[in-house]
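Engineer: Here it is, the structure, as structure tokens.
The values are calculated or read from the model by the stated rules, or taken from the named source; none is laboratory data. All figures in this text were calculated on a predicted structure; none of them were measured in a lab. Here the Cβ is made from the backbone with ideal geometry for all residues, glycine too, and neighbour counts use every protein chain on show.
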Amino acid sequence: MLAMTYRGPYRVRVDDKPMPQIEHPRDAIVRVTRACICGSDLHLYHGLVPDTRVGQTFGHEFIGVVAEIGPDVQNLQVGDRVVVPFNIFCGECYFCRKGLFGNCHNTNPNATAAGGIYGYSHTTGGYDGGQAEYVRVPCADAAATPIPDDIDDDNAALCCDAYPTGYQGAEMAGIKRGDSVLVFGAGPVGLFAARCAWFMGAGRVLIVDGYDYRLEFARSFAQCETLNFNTVNDIVLYLKKESDGLGWDCAIDCVGAEAKGSMAQWITGVKLKLQAGAPTALYWAIDSVRKGGVVSVIGVYGPTMNAIPIGNGVNKGLTFRMNQASVKRNLPRCFHHIQQGHINPKDVITHRIPLEDIAEGYHIFSSKLDQCIKPMVVLSGNGA
């Protein structure tokens, strides 16, 4: 089969790889019809995630058709069209029983924190991802979810990660009716977090980003206010003034490890790797919310230390909520919003790329070329 493979920082290509096989009775093999390139994939592409090995296939956002099932899979049939959450989880451990599917204890040998994730280095289990013609889906009876007939493939593909992750970012912010909400990052997850903030009763939503074309898209897609942080001298002071000097009720960090806006954080966190990424957006979030406010972190950071003003958070009495999104838990609500016409997640797709051209897709997305918001990988040979 054809699959994207990692060859080193900023180098990916499409190779022939062996077809995946059933390795456990709960496995399924899925023929991929849609995949996406995620902002989190760029952390791998840029060489920022430890133990990303040459030859691994990326891709934790994919849907497809069940091609084969193991003998213990009872709730799927060959031919089912399924959405596969980016979390690999057993559905049976202590954490899964609590709905913390992103923290499954049985699918990642390094599971002191996150569980298994498709195509996300050996720190999350070393599983190959879905930027390929076929993929092995472990614990398919727990994770793979049939797609309702009235949800098309493009919308379904955004339900693997970006949409339910943005939804959980807004959910963790504890938004109450009339609250003011800051969203850092106008990528797909930030766009969905802003849109979902309205669903939860927000009275005001503002997205912060550094690219005008993304902010223009945000105004249209999320119907919110926007701010280019490059246009103000002191972003925290500006945001405080915008909130009557008290600060915002809650902030959602949808950026993570590669945030721009602070040269010191960028050099130490991205260039020199002295900390686990540049937590600039998280720093701004802590300082921009009011006393007693909430900071929700859905952006991806490494597992080691970061230079953040935790003392400010303590003294302001902030509530912090953060985690990898537990996609399976959020899927029913996300499906409902699509079916009721409240949102079309596929509206964020700006580029459709054949698998054979995926290297160009990574280059376009990484370099913010051609006003790219979200690239989708279309596997035309698989019936897409």
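Engineer: If the requirement is being within 17 Å of the chain's Cα centre (by Cα) and either farther than 30 Å from Asp149 by Cβ or surrounded by 21 or more Cβ atoms within 10 Å (Cβ to Cβ) (or both), which of these qualifies: Tyr362, Tyr283?
Structural biologist: Tyr362
Engineer: Among the residues of the range 198-217, which ones are touching a helix residue (DSSP H, G or I) at 6+ places or on another chain (Cβ under 6 Å) and crowded, with 20+ Cβ neighbours inside 10 Å?
Structural biologist: Correct list: Val205, Ile207, Val208, Asp209.
Engineer: A further question follows. Please go through the range 144-170 and give me each residue that is acidic (Asp, Glu) and either within 13 Å of Met376 (Cβ to Cβ) or in contact (Cβ under 8 Å) with a residue 40 or more places away in the chain (or both), ordered by number.
Structural biologist: Asp150, Asp152, Asp153, Asp154, Asp161
Engineer: Can you find a residue that is assigned by TED's automatic domain parsing to the domain that holds Ile338, closer than 22 Å to Val300 by Cα and not in a helix (DSSP H, G or I) anywhere in the range 131-140?
Structural biologist: Taking every residue of the range 131-140 in turn, at least one turns out to be assigned by TED's automatic domain parsing to the domain that holds Ile338, closer than 22 Å to Val300 by Cα and not in a helix (DSSP H, G or I).
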